[in-house]
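These notes concern the structure reproduced below.
The values are calculated or read from the model by the stated rules, or taken from the named source; none is laboratory data. From a predicted model like this one, the values you see are computed outputs, not experimental measurements. Neighbour counts are summed over all protein chains in view; Cβ atoms, including those assigned to glycine, are modelled from backbone coordinates with ideal geometry. Surface areas here come from the heavy atoms of the whole protein model, side chains and all, with no ligands, DNA or RNA. Shrake-Rupley method; radii C 1.70, N 1.55, O 1.52, S 1.80 Å.
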Amino acid sequence: MRQSYQLPLVGLLLFSLIPRQQCEICEVSKEYYTALNPLISTMINSKYTKGIHAANVLLSLRLGGILNPNQEQQLIQQVDTAVENKKPSLTSGQLALAILALGACKGPDGISINYSELVKILGNKYKAEIKNMDHDGNPLTNYYQLSLDILALCLFSGNYSITEVIKILDPESKNYYFHEQFSVDTGAMAVLALTCVKRSITSGQNKIDTKYLETIDNHMESLIAKILSQKKENGLLGNIYSTGEAMQALFVSSDYYNKNQWDCQKTQAIVLTEISQGAFRMPTAAAQILPALMGKTYLDINKDSSCVYGSDNFNISTQEPISVTPAVSHSQIEVNYSVVVNNQIDNIMVSVADGSVFLDVMEKAQKENATLFSFTVEESSWGPYITTVRGIKANNNDRTYWELLSNGKHLSQGVGSYVVHAGDDLEVRWSTY
Ligand code: CBY
């Protein structure tokens, strides 16, 4: 008799002991998909000069099942050619992203991609990153890219050591921080990488590896707490550009926080408002937010599952292309521009057309005084990135860079996107992160 009512209890206990791998996903419902159209047209109409910068866009559009096979083929070709031509000069994270994009799903036969060769090269680039950490603990690039590397190596059966991953992705590492501020983008990517490693251990053949699970759990719990500590009153996680990847991290790790700690609907609502206000005009920004809004994560990447095409919910062909740059008017505005190196400040008042971006101001200043205001840029997937000012070069090994500020505040956009206002006090400052 006693046994019969104990049985359900035992069952309940056993059930609670089964390791859960819950996913708590909130996605935009299909009736509201039109709100996502600006993102999709931005991505489809984007003309990246360097093919490798299209990898993020390809990955995002494939995860969303948005392209038709023809559009997909064109983008694949672009990324594939860039990888083939540039293999040695790509950073580890660029190659990882290309592998994730090319192998996001199984397409109809066409270009055959030699994953195993690319994954092997990625393994070497990842090793070089770790080797560089012997000097002061700085990788060649950064932890965001290292996490992308681990994610790609994990999803595409590459070589990596679990003990090393645990050591590198320790939440206490300085590499999660810029200016003592936790980087939500970086933390989110690390959570996705750790989730993949955890899943591969639990589903894997090598039972010895299960001893690492506890440490991975601890890392994830701590990283999730750090991400949630950056939750803003309006629902953003970090800032508008880190929110998409943070949502993905929270989707796959609902075991590590309580339901009342995050209101996904609230986060989604602010993102949808920001889309309508044009915050995602950069194709990479659009690419990084879209998967989460469609309930997808980078862990849905599976080179053996068939791709989905041309979701009926999107009417791609009739989409209005949204203007990429805000209208520049004929009226002029005045701004103050300074270059700050240690305690030396050189400044100049410049006049630019209303609607100009930070880069226009820098160009104007350079034209007026090339000795003080010369600079160089490099094209990144987020637009132009300032590499040198007056010949002084940013250097990852000593964690230096040219920081952008407006009225003393750190900017959350790059020189090609930040639209300046009359009277702005703009600054590029030689900084250590
Ligand atoms: N991608 C990467 O390697 C970049 C990773 C990333 C964490 C990235 C943000 C996050 C993302 N989602 O892509 C990142 N930035 C890093 C690592 C860095 C550092 C780069 C050097 C290194 N160690 O590799 C560094 C130097 C700290 C950095 N970012 C600088 C800057 C400033 C650039 C100024 C310049 N010299 O041109 C700037 C403009 C901040 C400032 N005020 O100076 C900056 N970053 C910004 C604003 C951003 C956001 C871009 C948002 C936008 N709309 O343009 C960002 C999304 C991103 C790109 N940086 Co960094 C972060 C955010 O605000 N959420 C992998 C590769 C394969 O693509």
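To check my understanding: the extent here is largest minus smallest coordinate of the Cα atoms along each principal axis. What are those three numbers for region 332-432, in Å, largest first?
Cα extents, longest axis first: 41, 30, 24 Å.
Springs between alpha-carbon pairs under 10 angstrom, Gaussian network model over the chain: which of THR284, THR42, THR376 fluctuates most?
THR376
Under a 1.4 Å probe, what is the accessible area of the chain per residue, stated in Å²?
49
Add -39500 (n - 2.57) for each DSSP H run of 4 or more in the chain, then divide by its residues: what number comes out at 222 nm, to the nearest 500 deg cm²/dmol?
-13500 deg cm²/dmol
Could you give the length gained on full extension between ALA35 and ASP354, defined as 0.36 nm per residue of separation minus the Cα-Cα distance, in nm?
111.9 nm
Between ASN395 and ASN159, what is the label-point separation in nm under the 7 Å Cα-to-beta-carbon projection?
3.2
Given the whole protein assembly as supplied and a 1.4 Å probe, what does the accessible area of ARG199 come to in Å², nearest 10?
Looks like 70 Å² after rounding.
Using protein chains only and a probe of 1.4 angstrom, how many square angstrom of LYS303 are accessible, to the nearest 10?
For LYS303, solvent-accessible area is about 70 Å².
How would TRP262, TRP430 rank on accessible area, largest to smallest, probe 1.4 Å?
Greatest to least solvent exposure: TRP430, TRP262.
Take the Cα pairs of the chain, get the Kirkwood Rh, then feed it into Stokes-Einstein at 20 °C and 1.002 mPa s and tell me D in µm²/s.
It comes out at roughly 92 µm²/s.
Ignoring ligands, DNA and RNA, what percent of the accessible area of the chain is carbon or sulfur (1.4 Å)?
52
Holding the Cα-Cα limit at 29 Å, pick out from LYS50/LYS198; LYS30/LYS106; LYS120/LYS198; LYS120/LYS393; LYS106/LYS131 the pairs that are longer than that.
LYS50/LYS198; LYS120/LYS393; LYS106/LYS131
Less than 15 Å from a label point 7 Å out along the Cα-to-Cβ axis of LYS259: which backbone N atoms in region 21-53 qualify, by residue?
Counting only backbone N, you get 22-26.
Compute the distance in nm between two label points, each set 7 Å from the Cα along the Cα-to-Cβ direction, one at GLU221 and one at GLU379.
4.7
Could you calculate the contour length gain from GLN73 to ASN45, that is, 0.36 nm times the residue separation minus the distance between their Cα atoms, to one decimal place in nm?
Residue separation times 0.36 nm, minus the Cα-Cα distance, leaves 8.6 nm.
With only Lys, Arg, Asp and Glu charged, each at its Cβ (+1 for the first two, -1 for the last two), find how big the charge dipole of the chain is about the Cα centre; round to the nearest 20 debye.
Dipole of the chain, to the nearest 20 debye: 940 debye.
Which order do TYR143, TYR241 take when ranked by solvent-accessible area (1.4 Å probe, heavy atoms of all protein chains), largest first?
I get TYR241, TYR143, largest accessible area first.
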